Every structure is written in structure tokens, then in C-alpha cells.
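So the structure is just underneath, and the comments pick up after that.
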Amino acid sequence: MIHHGSCLCGALQFEATADPIDAGYCHCRMCQKLSGASALPWAAFLVNDFRYTKGKPKVYRSSAHGQREFCADCGSQIAFRDSSNEKTVEINVGTMNEPGRFPPRCHIWCDSKVEWFDTDDDLPRYPKSGPRDGA
Ligand SMILES: [Zn+2]
Ligand SMILES: [Zn+2]
């Protein structure tokens, strides 16, 4: 099954040719700042399963090893890559055309969760990045 996605204005389009290997909510301050939301749902795909099919993202280096890819026209935040884990790319689930296909499996960086925000689930909650590198 191919999963399609795009930014808000449509200048960037992308696809994933396989299901994600992981998915979750990120509660880190960087994701809060870049999305303007209390938490950011992400899905991690193998890099070889993901590609842009239209447009080229602008890249922002958010840390020594992390980069964020976004649309220079409308500002939609699409992807996170970590140079210390080059096997995966994490896509912000809200930019997928069918976000319902990617239910979260965990919560990461709960140390910085917004106090009034929570979700009614029994998913594992990790204070920091969890068992694998998070978003
Ligand atoms: Zn756009
Ligand atoms: Zn984050």
C-alpha cells in the first residue's frame, strides 16, 4: 500500500511505499515550538520507503544531529531526520493524506508534556526518547 501526503499548499508532495516501523506522540519542546501544538504525532518510515514526489523541502537544522524539513511556501512541517540514525525518517502524521492509518504506539519526551494535555490510552509513556530515537 502506498501512503501519500502533502504540505498545506500542495507544493510539496511525498509518498511512503511501506508501512511505518513505529509511530507515536512527541511531547518535546522542539516539536511543540515547530508545530505550535501541544504534541506532535509522527510515524517513522525506513528512508528507502520514503520520497518526495513534488517539490523540494527547505531544511532547518534544529540540533547538531537533527534536521526538520518543511514547505518554504506554506510552512507545513513535514519530516524529521537524525544523522545519528540514518535508517529512518519521521513524518508528521497530520501531513499524510490518510492520517488515520498511523495510530500512535507510544508517547515520547513526556518530561516536557503540556500539563493540561493528555490522551485516553494505555500506550507506553517514556520520559525521554524511549526505546528508539524519537522525533
Ligand atoms: Zn506548502
Ligand atoms: Zn519532538
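Taken together, the values in this text are just the output of simple stated rules run on the coordinates, not laboratory data. Keep in mind it's a predicted model, so treat the numbers as computed, not measured. FYI the Cβ positions are ideal-geometry reconstructions off the backbone, even for glycines, and counts take in every protein chain you see.
A simple spin-label model places pseudo-atoms 7 Å from Cα toward Cβ; at ARG101 and ALA18 they are separated by 1.5 nm. Each of SER62, SER84 has some number of other Cβ atoms within 10 Å of its Cβ, and from fewest to most they run SER84, SER62. Each semi-axis of the equivalent ellipsoid for segment 3-112 is √(5λ) with λ an eigenvalue of the Cα gyration tensor; in descending order they amount to 19, 16, 14 Å. Among the trypsin sites (Lys or Arg not before Pro) in segment 52-135, those placed in a DSSP loop whose Cβ has at most 11 other Cβ atoms within 10 Å are LYS128. Build a GNM of the chain with springs between Cα atoms under 10 Å apart, and of THR119, THR17, THR95 the one that fluctuates most is THR119. Applying both filters, DSSP loop and at most 14 other Cβ atoms within 10 Å, to the GluC sites (Glu not before Pro) of segment 68-135 gives GLU115.
Rounded, prolate or oblate: which fits segment 1-63 when a ≥ b ≥ c are the square roots of the eigenvalues of the alpha-carbon gyration tensor, with rounded for a/c under 1.5 and prolate only if a/b beats b/c? Note, shape of segment 1-63 comes out oblate.
With neighbour counts taken as other beta-carbon atoms within 10 Å, the residues ASP19, ASP120 rank, fewest first, as ASP120, ASP19. Lys-Lys pairs in segment 1-132 that are eight or more residues apart or on separate chains and whose Cα atoms lie under 26 Å of each other come to 10. Ranked by how many other Cβ atoms sit within 10 Å of their own Cβ, fewest first, the residues ASP118, ASP22, ASP49 fall in the order ASP118, ASP49, ASP22. Spacing of the modelled spin labels on LYS58 and ARG81, each 7 Å from Cα toward Cβ, amounts to 1.8 nm.
This model, with +1 at the C-beta of Lys and Arg and -1 at the C-beta of Asp and Glu, gives segment 3-112 a dipole about its Cα centre of some 300 debye.
Each Lys or Arg adds one and each Asp or Glu subtracts one; over the other residues with Cβ under 14 Å from the Cβ of ILE91, this totals -4. Think of it as helices only: each DSSP H run of n ≥ 4 in the chain is worth -39500 (n - 2.57), and spread over all residues that comes to -1500 deg cm²/dmol at 222 nm. In the elastic network of the chain, a GNM with C-alpha springs shorter than 10 Å, the most mobile of PRO41, PRO124, PRO103 is PRO124.
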